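Engineer: Let me give you the structure first, and then I'll get to my questions.
Just so you know, all these numbers are worked out from the coordinates, no wet-lab data involved. Keep in mind that this is a model prediction, so the values were computed, not measured. Cβ sites come from the backbone with ideal geometry, for glycine too, and all protein chains shown count toward neighbours.
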Amino acid sequence: MLHDNVFKIDFYALAVQLMPVQWRKPRHIAFVKVLVTPFVLMLQQLRKYRSTTIYKLQHDSRIGKVEKVLNDKFDIIERRILIIEGQRKRQNYSFYRSENREALATPFVTYSQDEVAEFSSDFEVCIPTVVGLISSDLTQLNTLVRYYADKDKHFVIKLI
């Protein structure tokens with residue numbers, strides 16, 4: 001992995017140092033700095049992109065890491081956002097006729113996976129109301145949890 005020193009380049013000083021000595025006058029230096037400015041802006045964007053990418057790579061789908069990401073984003077001082085185990089709806093197994101088992105005595109309703117997901121969740125994100133999240137923050141929180149959590153996990157956001 002590259003060290004941060006590789007990306008610490010002062011293009012303005014470098015451009016002035018690469019100029020011939022007889023051209024190092026304030027007017028020429030200013031002109032060269034104008035020409036170098038787009039490269040400085042691109043380097044700033046690269047540094048920002050690099051730091052966000054490294055942050056994303058350091059955090060994976062483990063619950064502790066997702067909790068850390070949410071607290072880093074929304075409650076950095078007191079870190080009150082918690083992730084707890086979700087409530088699972090009990091699922092009965094229905095047998096095939098070929099298995100020669102008795103059918104269930106009580107009538108039952110068959111749900112699809114999407115319908116079961118509405119009733120149950122793998123984990124719950126508990127957010128205290130004193131954190132003071134607005135609707136756009138909740139949308140961003142939902143997006144962050146979807147990005148970092150496993151794709152097959154269902155979750156519920158609860159304001160407590």
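Engineer: Out of residues 5 or more away from residue 86 or on other chains, whose amide H comes under 5 Å of its own, with H placed 1.01 Å from N in the peptide plane?
Structural biologist: Amide H neighbours of residue 86, under 5 Å, 5+ apart: 123, 124.
Engineer: Mind listing the phi-derived Karplus ³J(HN,Hα) values for region 38-54, rounded to whole Hz, using 6.51, -1.76 and 1.60 with θ = phi - 60°, and x for any glycine or proline?
Structural biologist: Running phi through 6.51 cos²θ - 1.76 cosθ + 1.60 with θ = phi - 60° gives x, 5, 5, 5, 5, 5, 5, 5, 5, 4, 5, 4, 5, 5, 5, 5, 5 Hz.
Engineer: Between residue 43 and residue 22, what is the FRET efficiency for a Förster distance of 41 Å, r being their Cβ-Cβ separation, to the nearest 0.05? If you can, show how the numbers build up before the last one.
Structural biologist: Working: r = 29 Å, r/R0 = 0.70.
Taking R0 as 41 Å, the efficiency between residue 43 and residue 22 is 0.90.
Engineer: Beta carbons within 10 angstrom, averaged per residue: use that to sort the peptides 142-149, 8-15, 50-57, highest first. Numbers along the way, then the final one.
Structural biologist: Details: 142-149: 15.5, 8-15: 12.8, 50-57: 10.8.
Highest-to-lowest ranking by the protection proxy: 142-149, 8-15, 50-57.
Engineer: While we're looking at this one, here's another question. Using 26 Å as the Cα-Cα cut-off, could you pick out the over-long pairs in 8/68; 48/73; 33/73; 8/65?
Structural biologist: On the way: 8/68 29 Å; 48/73 16 Å; 33/73 36 Å; 8/65 29 Å.
Among 8/68; 48/73; 33/73; 8/65, the Cα-Cα distance tops 26 Å for 8/68; 33/73; 8/65.
Engineer: I need the P(r) histogram for region 4-58: all alpha carbon pairs, bin width 5 Å from 0 out to the longest distance, whole percents.
Structural biologist: 4, 18, 23, 18, 13, 10, 7, 4, 3, 1
Engineer: Out of residues 5 or more away from residue 157 or on other chains, whose amide H comes under 5 Å of its own, with H placed 1.01 Å from N in the peptide plane?
Structural biologist: 125
Engineer: Once R0 is set to 41 Å, what does the formula 1/(1 + (r/R0)^6) return for the Cβ-Cβ distance between residue 84 and residue 51, expressed as a FRET efficiency to the nearest 0.05? List each step's numbers first, then the result.
Structural biologist: Details: r = 31 Å, r/R0 = 0.75.
So the FRET efficiency works out to roughly 0.85.
Engineer: Give me the number: length gained by fully extending residue 8 to residue 152, i.e. 0.36 nm times residue separation minus the C-alpha to C-alpha distance, one decimal in nm.
Structural biologist: 47.7 nm
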